[in-house]
Each structure stands twice: as C-alpha cells, then as structure tokens.
1. Based on other C-beta atoms within 10 Å, arrange Ile277, Ile223, Ile30 from fewest to most.
2. Residues with beta-carbon under 15 Å from that of Ser256, excluding Ser256: net charge, scoring Lys, Arg +1 and Asp, Glu -1?
3. Return Trp16, Trp175 ranked ascending by Cβ neighbour count within 10 Å, so the fewest neighbours appear first.
4. Could you list Met266, Met36, Met151 so that the one with the fewest beta carbons within 10 Å of its beta carbon is first and the one with the most is last?
5. Near Tyr201, within a Cβ-to-Cβ distance under 13 Å, what is the net charge of the other residues, with Lys and Arg +1 and Asp and Glu -1?
6. May I ask you to derive the FRET efficiency for Tyr168 and Gln62 from their Cβ-Cβ distance with R0 = 45 Å, giving the value to the nearest 0.05?
7. Considering Cα pairs under 8 angstrom that are at least six residues apart, work out the relative contact order of region 148-277 and quote it in whole percent.
8. Working out 0.36 nm times the residue gap between Glu240 and Arg13, then minus their Cα-Cα distance, what length gain in nm do you get to one decimal?
Amino acid sequence: MKENEEKNKVSNRKGWSIFGFLISILLLTIAIILSMNEEKATREAKISDRIINSEVKESIEQTSSELSKTVNQVKSINNIENEVNNETNTINQISNDKQEDQNKDNQIANEQINQIVENKINENVQANEIIQPAQKDENINKETSNEQFIMPVEGEISSGYSIDNLQYSNTLQEWITHRGIDIKADKTTVVKASKSGTIKYIKEDPRYGLSITIEHSDGFQTIYSSLLSSEFVKEGDKVEQGQSIGTVGNSAVFESAEGSHLHFEMLKDGEYINPDIYLK
C-alpha cells in the first residue's frame, strides 16, 4: 500500500512538474508573441510616422513653394503696376509740358498777330489821311472821265480790294492783303472784257491760276484770274468791251477755299488800284 501511495505521489509530482513546464512554455510563448507584436507595432508606427512626416514635409515644401511663387507673382504684378504708373505719370507730365508749350506758343502767336493788326491799323489810319483826298479826286474822275469799265461777270463780290488792310484768308488760314476783288459765279460762266484793249498775256499764275491780262489806253491794265478756260482769245488779239474772253473756274491756288469765282485786278501805270472806283 505504502509503495502504491509513494508511486502515486511520485507520479503526481511528475504530472504537476510536466504541467508546470507546459504552463511555463505557454507563458513564455505568449510573452514572445506579445513582444514580437509590440515590436512589430512599434516598427509599423515608426514607418507610419516616417511616411506621415515625409508627406507632411513634402506638403509643407510644396505649399511653401506655391506660396513663394504666389508672393513672387504678387511682387511682379506690383512691379508692373508701378512701372505702368510711372510711365503714365511720365506721359502725363510730357503731355502737360507740351500743352503748356502750346499755350505759350499760341499766346505769343496771338500777341504777334494783335501787334501786326495794330500796326496795320495805325498804318491805315495814317495812309487814309493821305489817300482819302486822292480817292475823292478819283471819284470825281469816275463821274467825269470816259475811262469807264464794266463788270467782267455778274455776281456777288465776296472779297473786296484791300491793299492797305489785312483780310483773313480761309485758304491760307492767315491774314493777308488783297490786290483785287473776288466775284462769285458758277463755273463755266462767261467772262467779258471790262474795256476795249489788247490781250497782253495768257498764262498760268502759280498763285492765281489761269489768268488773262488786257492792256488798255492811258496806262490801265485789267487781270482776270482763277479762270477755267481762255478759249475765246489768244495773246495779241484786239478785244472790244463786253467781248467774251474766258470762263469762270477755281484755279487760284491761293483762293481754292472760296469756290468758283473770278479774281479781278486793275492797275494804273503799274500800280494796283481799287476796281470799285472804275467799275460801273
């Protein structure tokens, strides 16, 4: 009996020892597995942190680069705006300077014109004091003399004789003297000899276009300018008062803005005279 009990005890001890050994192995295995899992989790966490940090860093760098580009673009736009503003200011300044210069030039020109007009007025006042008695004598001669001239063409006198006073020329855009009278008439209207005489010249005048000059008695000459044609006469022909000598045109370069008209001048002994005194 004792032997059996001893055997049972030994057998029980062995069983518990094996059980304890197995438990130890189990616990060790569990500990190893937990340790491996923990190490794996740590590695994965580190890898994840690296990935996240890399992505965050890349994102930060990209964002920083984009911000830098945006800042540079803003700076570039600001620089362009500043340059445009500077150019605009420069252009405005130049324009203002030119306007000031133009105003000064206009003021000087107006002063010069006013001075010229004033001088001419003073000259005319002095000249009229001398000329008026002579004009009275001419008017008397007009009534008593047989040297009467007829109107070379019927029409309105648009510009009168003005050898001593300035007239404004629409063609030249300036103040000038006028050595004859301008008689408005339709183009191709027939022009007649103002008095009997001889055709002295038929020529193209550089200022007054196609012109005919008739020489009369007692030192008189008449000039018919701005003609369209001179088909009725030739140089050297004798003409009678009222005879057709040409047609009205607008060939006078100096009076092209006046339209079709006859520019008519008279001379006595080589001096220009007022046709109104002699025309009837």
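Bear in mind that the values in this text are calculations on the coordinates, not laboratory data. This one's a predicted model, so the numbers in the text were calculated from it and none came from an experiment. We place every Cβ from the backbone using ideal geometry, glycine too, and count neighbours over all the protein chains shown.
1. Starting with the residue having the fewest Cβ neighbours, the order is Ile30, Ile277, Ile223.
2. Within the 15 Å Cβ shell, the charges total -3.
3. Trp16, Trp175
4. Ranking Met266, Met36, Met151 by Cβ neighbours within 10 Å, fewest first, gives Met36, Met151, Met266.
5. With Lys, Arg at +1 and Asp, Glu at -1, the neighbours total -3.
6. Using R0 = 45 Å, I get an efficiency of 0.05.
7. 28
8. 64.0 nm
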